[in-house]
Amino acid sequence: MAVLKITLTFALIIYLLRRKVGLGQVMLLSSLFLGILFGVHPLKIAQVTFDAVVSKSTINLMMALILIMFLENIMRRSGMLQQMLDSLKALVGDKRFVMAFMPAFIGLLPSPGGARFSCPMVDETSRASNFSAEDKSFINFWFRHIWEYILPLYPGILLAAQLTGMNISRVVLNQLPFSILALIIGFAFGFGRFKPERPKLSFGEGIFNSKLLLSSLWPILAILVLVLGFKLEISLSIGLILILLVIVKQYKAEAILKTLRDAFSINIVVLILGIMVFKDMLSASGAVKTLPEFFSNLGISQLLIISLLPFTIGILTGLTQAVVAISYPVLLGLTNSPSMFTLAFVAGFAGVMLSPVHLCLVLTVDYFKTTIANIYRKLIIGEGILIGLALLLALINN
């Protein structure tokens with residue numbers, strides 16, 4: 001019955017999205033529907049909603065995304081964004097690599113919704129080219145996540161190593177082929193029909209464009225240093241660099257207020273609130289906790305449980321760390337094989353990539369004015385290839 005209720009909730013999400021209801025409103029309505037289906041008391045539903053809205057994680061996420069949009073607005077208005085993309089394209093000579101590089105570069109920051117940062121960069125680079133909104137959405141979203149299999153900054157990797165007792169370098173080495181394959185899939189599906197371009201630069205032009213690139217890229221590099229090197233919160237890091245950028249660009253109070261108004265989006269606020277409330281309602285209702293027992297009692301093969309349990313949790317939560325935290329303790333009772341846990345991670349992350357509550361996905365399609373359904377075909381095939389490789393390696397090694 002619990003699985004049926006979860007299925008009905010996701011059917012409602014799909015129905016409302018097809019009716020062109022905004023995703024933020026869809027997630028709020030689905031949270032209410034989920035709570036009612038699981039018999040959560042109305043006062044408890046109200047409490048969960050309130051706690052989700054005022055929680056530290058929601059406020060930090062909201063602040064980070066608003067500051068990201070503010071930073072992007074300043075960099076675009078000041079010409080830094082265009083300078084960055086022009087110099088990078090001159091150096092690389094192929095806009096396909098520039099479009100892939102920007103989300104991959106931003107992907108080094110393990111920030112929820114970080115894909116929103118690279119959207120305008122991908123958009124600017126693709127101007128005067130035949131890239132559709134679906135192409136740009138796929139490229140931005142896919143390349144944003146190629147590191148999540150191997151980058152120890154992501155909590156899913158750390159948690160996987162901790163729960164399995166494997167050294168983190170072993171986890172990274174086991175999952176390295178999937179980052180490489182994801183990179184290949186991204187270029188094949190994102191740029192397969194576009195011809196390569198070759199750079200034509202003298203040495204002097206290369207030096208000149210390298211300087212231009214650094215002078216326009218410094219805000220992003222500085223944020224990376226603060227987050228990765230000094231371990232500061234992403235919102236605090238962006239805030240500090242914004243203050244410095246405003247001083248350097250000599251922004252006056254009136255210009256700052258206008259930029260803030262232009263950068264702020266009520267739709268983004270509702271979207272974040274809807275997703276955060278839905279995730280908390282999943283936990284409060286006990287919906288996700290029923291899944292391990294459900295799969296264990298199905299009487300299906302071990303390989304299917306190891307694949308399906310993490311994948312389902314990934315679809316429901318859109319969070320890699322939730323996949324690992326919920327499914328790995330169950331899987332430890334079934335196997336101790338490193339290749340099986342690699343399969344679980346890849347299958348779970350496939351669910352995360354396909355999840356309608358994955359913040360990067362919904363922010364990307366919202367920016368490019370398309371829908372999740374329009375890029376699902378490429379996502380499903382791409383993730384299917386990755387799961388196929390993980391299954392093959394699991395079968396070979398066991």
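Here are a few things to note about the model shown:
- Average 1/r across all pairs of distinct alpha carbons in the chain, invert it, and you get the Kirkwood radius: 22.2 Å.
- Each Cα pair under 8 Å and six or more residues apart adds its separation to the average, and for the chain the resulting relative contact order is 25 percent.
- Helix-only arithmetic for the chain: the sum of -39500 (n - 2.57) across DSSP H runs with n ≥ 4, divided by the residue total, places the mean residue ellipticity at 222 nm at -25000 deg cm²/dmol.
- For region 331-396, a Kirkwood radius taken over Cα pairs fed into Stokes-Einstein (20 °C, viscosity 1.002 mPa s) yields D = 163 µm²/s.
- Least to most buried among Tyr15, Tyr149 (fewest other Cβ within 10 Å first): Tyr15, Tyr149
- Dividing the alpha-carbon radius of gyration of region 76-150 by the rule-of-thumb value 2.2 N^0.38 Å gives 1.05.
- A Gaussian network model of the chain, with springs between Cα atoms under 10 Å, assigns the largest mean-square fluctuation among Ser87, Ser169, Ser31 to Ser169.
- Structure remark: mean-square fluctuation, Gaussian network model of the chain, C-alpha springs under 10 Å; the largest value among Leu332, Leu379, Leu298 belongs to Leu298.
- Sorting Val277, Val98, Val48 from the fewest to the most surrounding beta carbons within 10 angstrom yields Val48, Val98, Val277.
- Taking Leu316, Leu176, Leu43, Leu159 and counting other C-beta atoms within 10 Å, the order from fewest to most: Leu43, Leu176, Leu159, Leu316
- The spacing between region 299-327 and region 39-73, judged by their C-alpha centroids, is 25 Å.
- If you run the Gaussian network model on the chain, springs between alpha carbon atoms under 10 Å, then out of Ala255, Ala100, Ala115 the most flexible one is Ala255.
Computed from the coordinates by the stated procedures, all read-outs in this text should not be read as laboratory data. Just so you know, these numbers come straight off a predicted model, no measurement behind them. All Cβ positions, glycine included, derive from the backbone under ideal geometry; neighbour counts span all protein chains shown.
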